[in-house]
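Engineer: Sharing a structure here in structure tokens format.
The values are calculated or read from the model by the stated rules, or taken from the named source; none is laboratory data. Please read these numbers as outputs of a predicted model, since none were measured by experiment. Because the Cβ atoms are built from the backbone with ideal geometry, glycine has one as well, and the counts that use them run over all protein chains shown.
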Amino acid sequence: MLVLSRKKDESIMIGDQIELKILSIDGDQVKLGIVAPKNIKVYRSEVYESIQNQNKESLNVSKSLIEKLSKKNI
């Protein structure tokens, strides 16, 4: 893990296309601005984890349900 210190109005570059800007600092809360190409998805970690869990759950489909669905599409 890389650990960097930044002050308000400073930024960090990730590669050539992603910039993290420190917008404000209020106590223990830091507001970040993220400048990235539209094709790069940016999520809060708890939202990302929820998406990953939902994707895993969608893979847990019973064999009988798959067989029923495949018979309807024939």
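Engineer: Give the range 1-25 a look and list any residue that's in a loop (DSSP other than H, G, I, E, B) and either surrounded by 10 or more Cβ atoms within 10 Å (Cβ to Cβ) or of a type in the set (Val, Ile, Thr) (or both), or say none.
Structural biologist: Hits for the range 1-25 are 3, 6, 8, 10, 17.
Engineer: List every residue pair whose Cβ atoms lie under 8 Å apart, where the two residues are 6 or more positions apart in sequence or sit on different chains, the first residue falls within the range 40-53 and is over 23 Å from residue 16 (Cβ atoms), and the second residue, located anywhere, is surrounded by 10 or more Cβ atoms within 10 Å (Cβ to Cβ).
Structural biologist: 51/43
Residues are listed down the side, and each one gets a yes or a no for (1) outside the structural domain of residue 19 (by TED's automatic domain parsing); (2) surrounded by 10 or more Cβ atoms within 10 Å (Cβ to Cβ); (3) in contact with a Cys (Cβ under 7 Å, 6 or more places away or on another chain):
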residue: 35; (1), (2), (3): no, yes, no
residue: 53; (1), (2), (3): yes, yes, no
residue: 58; (1), (2), (3): yes, no, no
residue: 61; (1), (2), (3): yes, yes, no
residue: 64; (1), (2), (3): yes, no, no
residue: 71; (1), (2), (3): yes, no, no
